[in-house]
Amino acid sequence: MSAPEQPPSNRLKQAEKITSHPEQYKVCEACGSIIVARAVTCPSCHGYLFDSDVHRVVAQAKDLAMRSAHSVLASDLI
Ligand SMILES: [Zn+2]
């Protein structure tokens, strides 16, 4: 059902990757997940409204990275 839990170090690396290329990602308006820009629907909540603003993507990536110690990426976002 939910994505396998990733070690915090992987999540930080992922966040760094996103913040260095934010134009390749977008934020799901429904659940806040960061997904690749070419995705048509959110793999987490199947939503289809996204914010591809690079500043929003970077801010969201940092927010998710900060939370990584206590939570998983997709399943804790309501
Ligand atoms: Zn979503």
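Derivation of every value follows stated rules applied to the coordinates shown; laboratory data play no part. These figures come from a predicted structure and were not determined experimentally.
Worth pointing out:
- The slack between A59 and A37, meaning 0.36 nm per residue of separation minus the straight C-alpha distance, is 6.3 nm.
- Dimensionless Rg/Rh of the range 8-67 - Kirkwood Rh, Rg from C-alpha atoms: 0.94
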